[in-house]
Amino acid sequence: MSVRELRADLANVINAASTRDRVTFVTSRGRRVAGVVSVAAAEQAVGEGGQADGDAAVMFAVNLAMMLDRGGTPSLTPAECFEQYADDLVREFGGSSERALAAARAVIAGSARKAGYPTLWRQAALAFELCQRAAEVTGPELPGSYRPGSQAGVGIRR
């Protein structure tokens, strides 16, 4: 639907999105530029605070990567540093495994642009792992969890 058509039929488009989960793509000069979707569909796509939480996870990963490159700290091994950052991320997300998984989705969605930059890709991968660990600590067992010693499914809540 063109922008002009959308202006003329906006009420019906919004109603269709909210009541029938209809997605309407808006075009400008024949190219899709936007979409009108229900709130539920939009929240599912980005997760509540997904992009902001994804950005926070990447910043935690940047700090962790610098610490790991130095070999940890005098009092903590690299594995203990990872667990400490994952615990800090759990607190950042308010103990919500849903927010941790939404942040992981946001990190992965944004990482496609970073594939040609090894350092940025490493940070995105580390951010994803931190989000996964935060979700494991706070929520149910994740399908495909691979981390040895995972607390997933143990019932431990922090």
Selection within segment 60-109 - over 15 Å from the mean Cα position of the chain (by Cα), of a type in the set (Ser, Thr, Tyr) and within 16 Å of GLU136 (Cα to Cα)
TYR85
From the options GLY35, GLY54, residue that is in the same structural domain as GLN132 (by TED's automatic domain parsing), small (Gly, Ala, Ser) and under 29 Å from ILE108 (Cα atoms):
GLY54
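Can you find, within segment 80-94, the residue that is surrounded by the most Cβ atoms within 10 Å (Cβ to Cβ) among those that are without any contact (Cβ under 8 Å) to a residue 60 or more places away in the chain and of a type in the set (D, E, K, R)? Spell out how you get there, then give the answer.
The first filter runs over segment 80-94 and keeps only residues without any contact (Cβ under 8 Å) to a residue 60 or more places away in the chain, leaving 80-86, 88-89, 91-94.
After this cut, where a residue has to be of a type in the set (D, E, K, R) as well, the list is 80, 83, 88, 91-92.
Values: GLU80: 12, GLU83: 16, ASP88: 15, ARG91: 10, GLU92: 18.
Restricting to residues being without any contact (Cβ under 8 Å) to a residue 60 or more places away in the chain and of a type in the set (D, E, K, R), the top hit is GLU92.
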Could we say that ALA103 is at pLDDT 80 or above, small (Gly, Ala, Ser) and outside the structural domain of VAL23 (by TED's automatic domain parsing) here?
yes
Looking only at segment 1-18, how many residues end up being over 17 Å from SER38 (Cα atoms), in contact (Cβ under 8 Å) with a residue 24 or more places away in the chain and either in contact with a helix residue (DSSP H, G or I) (Cβ under 9 Å, 6 or more places away or on another chain) or assigned to a helix (DSSP H, G or I) (or both)?
1
Can you name every residue in segment 48-101 that is out of contact with any Asp or Glu (no Cβ under 9 Å at 6 or more places or on another chain), among the β-branched types (Val, Ile, Thr) and assigned to a loop (DSSP other than H, G, I, E, B)?
THR77
Taking the stated definitions as given, is ARG113 charged (D, E, K, R) and at pLDDT below 85?
yes
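Being at pLDDT below 70 and among the hydrophobic types (A, V, I, L, M, F, W, C) is the filter; apply it to segment 35-50 and report the residue that is surrounded by the most Cβ atoms within 10 Å (Cβ to Cβ). Walk me through how you get there before you give the answer.
Residues of segment 35-50 that are at pLDDT below 70, as a first pass: 43-50.
Filter once more, so that each one left must be among the hydrophobic types (A, V, I, L, M, F, W, C): 45-46.
Details: ALA45: 14, VAL46: 16.
Restricting to residues being at pLDDT below 70 and among the hydrophobic types (A, V, I, L, M, F, W, C), the top hit is VAL46.
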For VAL26, only one of the following conditions fails: (1) outside any helix (DSSP H, G or I); (2) of a type in the set (A, V, I, L, M); (3) touching a residue at least 40 places away in the same chain (Cβ under 8 Å). What is its number?
(3)
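Among residues belonging to segment 110-128 that are free of Cβ contacts under 8 Å to residues at least 12 places away in the same chain and assigned to a helix (DSSP H, G or I), point out the one that is nearest to the chain's Cα centre (by Cα). Don't jump to the end; show me each part of the working.
The first filter runs over segment 110-128 and keeps only residues free of Cβ contacts under 8 Å to residues at least 12 places away in the same chain, leaving 112-121.
From what's left, assigned to a helix (DSSP H, G or I): 112-114, 118-121.
Numbers: ALA112: 13, ARG113: 15, LYS114: 15, PRO118: 20, THR119: 19, LEU120: 16, TRP121: 15 Å.
Going through the qualifying residues, I end up with ALA112.
The values are calculated or read from the model by the stated rules, or taken from the named source; none is laboratory data. The structure presented is a predicted model; accordingly, all values stated were derived computationally and were not measured. No Cβ is skipped: glycine too gets one built from the backbone with ideal geometry, and neighbour counts run over all protein chains shown.
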